[in-house]
Each structure stands twice: as structure tokens, then as C-alpha cells.
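Taking it in order: structure first as C-alpha cells, then the write-up.
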Amino acid sequence: MKYYTLLLAQIFAFSLWANIQSAPVPFQRQDSDHIKEILKTWNATKGEYLYESMAALVMHEKQPERPSNVNQTPYEMLQTMDSHRVERLQRIAASELQNERNTHRGDRFYWEDWRNYLNSTQCDMNRNGKSSGDPHMRTFDGEAYDFQNAGDYLLTASDDNSFMIQTQQKRISESVALNSAVAMNVNGDLLTFTSVLKDSGEKMIHVNGQEIQTEKTDLVLPQGGIVNYKNSKYFVKWPTGEQLSIGERSFKDAKLFDLNIYVPSCNEDYYGLLGNNDGNRKNDLVAYDEEAKNEISRETAAQTSEEIFGANRRNPEVLARVSSELFFITRNYGNQFQLSDSTSLLRNQMTDLPDSIRYPKELLTLAQLDDEQIETGLRKAREAGVAEEDLFEAVYDYGYLGLEPIAFRDDYVAPKEIKRSQEPELDKSGNKLKGEEKPNSQIRISPAIFIGTGVRVTPPRTHRPNPHTNPRPNTRRTGTTPRPTPPRGGRR
């Protein structure tokens, strides 16, 4: 019976992704004995795996089998590598690229994508992206807005979709929705988190259709990803560098998910509700008018504290501005990233909804709350350490849902660089004295069906906002090397 259950789960994953094919790359794999030797000298076990893993990412192929004692993504391994060794790899890759250009024709090259991936691991991490509460959104470039639609939506994805996060927003009242499920393409592995009733016996996490029985543990995914459980949160790590922090909050008989998304700051190839990470917040909330054949953008209603929390929040002019802005977000902007039954990866799809459920009946602001509710919400939020820029959403969630305010916690921790001369401290028996936390128990997911990374969702990429023109500050961790070209290795 167990065999047939697993088989059905695999068939489910296969049927869901039947129309997905890995995007072919316009070049052939190249090899470098010099680079391979550098990586193996760095670490005999990790180095050989890392060499093959990077090749698979560039070529859009299946990941090699991960050694049993390797519990990092290839991206994290490169982050821990000493800067001297990374610079050697960069120089050799540049030489290999020149040789490849001399012997092969084309616009893209293997060593170009390989080097761009390496460079991306040296960038700082953008920590802005989020979808929390009911839900309050912030794009990678820092633009904040509320999104009260119900249904399945594309939160964010890379151009080739090897990194993809979809959310399911469930209506809990006529005007409020919550994140009730999350689906992710982790470089070809399908990972879902679904809010389940407390006493239902159902499990929250599924990988490639397979139910995970032990939830508070680490997961090692076949295609290079990792899921860590720490401090009551799940951290999903892509081999391409992105991370997702998933926090849970109880609401009635189920849970809501608070999501914080981290992406390499030098990658600009994202799209979805969280924008493109190009450094220009003005082009984040943009919709395309098919009839007029032009772009329309959000008209931000700049508000003072008095207009948000004070008596002026009920001023008709203020309400009109805010209502216009919210209507644009729920209809013009949000509709672009609405998923269909053929593009949604959620286990229990909510794609065919009537407008009366999909859209909020009323576009809520704090105007509908009384002064006492607002004063209590502000007091509780400040006592909880909520930052000033997050007070609105804390008061909103408390006033409409009764959710106790919580302070945002930046949970991203970059792996520490291991210096060339650094050796672990050992006791007389050769055991480490300190330096590493005791790891969680692990579940290593067996490879089943490689689902590929080529799924496409709306909108068409031709309508993507134009890139920014003002370069952002250098994001290299050394602080001395110029910012690398936006990496697209393994990403087309």
C-alpha cells in the first residue's frame, strides 16, 4: 500500500508539471581541470560536488547526487570560500571564457554564465521582500502596499523560473485575506506548505507530492536546495542563492504564513508581485493596459501620520486618494500575477473564483477603526518593538483580525567566510571543541521526477518595466571590487 501511495504522489507531481521542460542553453558544457583542482584542494568532498553542481546549474540539468556529509547549497559553499581562492577562480574563468569565445560562435557562453553565478555569491543579500499578515507586501526595491485579493498569485520568480514562489490568499472575511499556502519551485523540486486544521491529522509540508511526516526538521532536496528549521521558522534555500523565511501564526483553527524573501542584490531578473530588484522602486507597481498599449503605474497617496492614524484618516479627499490606489493594486496590478489552473502549483488550487470572493468587498484603511482601537494597536505595537515604518500594518492586523503585533526580525545569516589558514580547534581525541551548532535531524529526499524549470506564467516579459538608469552602490562583500554584471548564469 505504501508503494502505491508513493507512486500516486509521483504521478501527481508528473501530471502537474507535464507541460514543463527545462529551457535549453545555447552552448555546450565546458570543463577546466585547473578549476576542478582548485575546488578539490579547497575541500576534497565538497569541491568535486561543487564543480558538478555549478555545471548542472549553468546547463539547466539535474543536480549530481549530494554527498551524505554535505548539507549546504552550492551557493552557500562559495560564500564560505576565502576571497583569495574566489579571485583565482574568477581569473581562470575569465581566461576560459576568452578561449571559448575564440573557438565557439554565439551570444552566450558557458564560462560567462559560470562566472556570473560565481560573482553573484559575493553580493550582499537584499532583505526587503515580504508578504505578511493579511497580507502586507514590500517589494525588493522597498515599495510597500496591501493586497487583499483571494486566490493563487505569483509572489516572485526568476526569469527562468528555477526560483519561484506562489502564494494562496484565502478570504477570511468579505474584505480581508491571509496567506494560507505557499508553493515553491526549488530548481526543479516542488515544495509546498499548506495551512491545515489543528486536529485534521494532515501534514503541512509536501515535496514533489510526497507528504513529510516529521515537519520540524531539515530537508535536503535532490536538486540542490535545502530547508532548515530554526527558531520556529523554516528557511528554504535555493542553489541559486535566494532564500525564503516562513513563519507561522495561529489564526482560529488554522495558521497563516509570514514570508520574508531574500535575493542576491546584484540579480535583477525577477518578476511578480514583489517587483524586479533593479534598485528603482518607481517601476515596481506597474501594469500594462492591453487596450491602450501603454503602462500605467501606481499613484502613491503620500500620507502623513495624521492622515493614517489621526482624525484626517476620515477626510474624504484622503479616502478618495487611498481608495484609488487600492483599486489599482487589487485590479490592474494584481490581475497580472493571478494564476490559472495550468500555472498554479498549489495543492488545493483557488484559481476559478467569482469576483465577489476574489476581490475585497471594501478597500479597508484605518478609517473604519475607532480611535480606541488605533491607540491600543499603537501601544501594543510599540511595546512589541515594531519599527515605525511597520506600525500601520501592525495596527491594521490588530484592529481587523485581533493579531497581536510582532516585530519584524531579519533572520538572514550569511555563511561565514573560512580563511585559508583557519583550522578547527580540536581536543586530544581530534574532536571539535567549538564553532558549529548541533545540527537538526535531517530527511534526505530521494530523487523522483525532475520537473524542470521552464514553466511560464503571465505577464509576458515584453511588458517588463525598463531597467533603472541610476546604478546602485557596490554590493561586493569586499567593498573594493566593482559591482559585477547582473548574473544570469543558469538563469535563461
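Out of all the residues in the stretch 180-194, which are within 21 Å of Pro354 (Cβ to Cβ) and either not hydrophobic (A, V, I, L, M, F, W, C) or not assigned by the TED database to the domain that holds Asp355 (or both)?
At the first step, the residues of the stretch 180-194 found to be within 21 Å of Pro354 (Cβ to Cβ) are 180-181.
Result: Ser180, single match.
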Residue in the stretch 53-85 that is surrounded by the fewest Cβ atoms within 10 Å (Cβ to Cβ), counting only those that are touching a helix residue (DSSP H, G or I) at 6+ places or on another chain (Cβ under 7 Å) and among the hydrophobic types (A, V, I, L, M, F, W, C): Val70
Residues being modelled with pLDDT under 80 and over 21 Å from Tyr145 (Cβ atoms) - total across the stretch 291-309: 3
Subset tally (residues that are over 13 Å from Asp141 (Cβ atoms) and part of a loop (DSSP other than H, G, I, E, B)) for the stretch 273-297: 4
Of all residues making up the stretch 114-136, the number that are farther than 20 Å from Glu417 by Cα, among the hydroxyl-bearing types (Ser, Thr, Tyr) and in the same structural domain as Leu50 (by the TED database): 0
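Every residue in the stretch 201-227 that is polar (S, T, N, Q), touching a strand residue (DSSP E or B) at 6+ places or on another chain (Cβ under 9 Å) and on the phi < 0 side of the Ramachandran plot, please. Walk me through it before giving the result.
Restricting attention to the stretch 201-227, the residues satisfying the condition of being polar (S, T, N, Q) are 208, 210, 213-214, 217, 223.
When the remaining residues are screened for being touching a strand residue (DSSP E or B) at 6+ places or on another chain (Cβ under 9 Å), the result is 208, 213-214, 217, 223.
The answer is Gln213, Thr214, Thr217, Gln223.
Residues are listed down the side, and each one gets a yes or a no for (1) within 20 Å of Asp159 (Cβ to Cβ); (2) small (Gly, Ala, Ser); (3) in a loop (DSSP other than H, G, I, E, B):
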{"position": "Lys198", "(1), (2), (3)": "no, no, yes"}
{"position": "Glu202", "(1), (2), (3)": "no, no, yes"}
{"position": "His206", "(1), (2), (3)": "no, no, no"}
{"position": "Pro222", "(1), (2), (3)": "no, no, yes"}
{"position": "Asn228", "(1), (2), (3)": "no, no, no"}
{"position": "Pro239", "(1), (2), (3)": "yes, no, yes"}
{"position": "Leu244", "(1), (2), (3)": "yes, no, no"}
{"position": "Ser250", "(1), (2), (3)": "no, yes, no"}
{"position": "Phe257", "(1), (2), (3)": "no, no, no"}
Residues of the stretch 351-394 that turn out to be under 24 Å from Leu319 (Cα atoms) and in a loop (DSSP other than H, G, I, E, B), as a count: 9
Among (1) surrounded by 15 or more Cβ atoms within 10 Å (Cβ to Cβ); (2) modelled with pLDDT of 95 or more, the one test that Pro354 misses: (1)
Criterion: charged (D, E, K, R), in contact with a Leu (Cβ under 7 Å, 6 or more places away or on another chain), crowded, with 18+ Cβ neighbours inside 10 Å and assigned to a strand (DSSP E or B) - qualifying residue of Asp134, Asp152: Asp152
Given (1) within 25 Å of Ser265 (Cβ to Cβ); (2) part of a strand (DSSP E or B); (3) not small (Gly, Ala, Ser), index of the condition Lys170 fails: (1)
Those residues of the stretch 273-309 which are of a type in the set (Asp, Glu) and either under 27 Å from Gln368 (Cα atoms) or surrounded by 19 or more Cβ atoms within 10 Å (Cβ to Cβ) (or both), in sequence order: Asp278, Asp284, Glu299, Glu306, Glu307
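The values are calculated or read from the model by the stated rules, or taken from the named source; none is laboratory data. The structure presented is a predicted model; accordingly, all values stated were derived computationally and were not measured. As a convention, Cβ positions derive from the backbone with ideal geometry for all residues, glycine included, and neighbour counts pool all protein chains shown.
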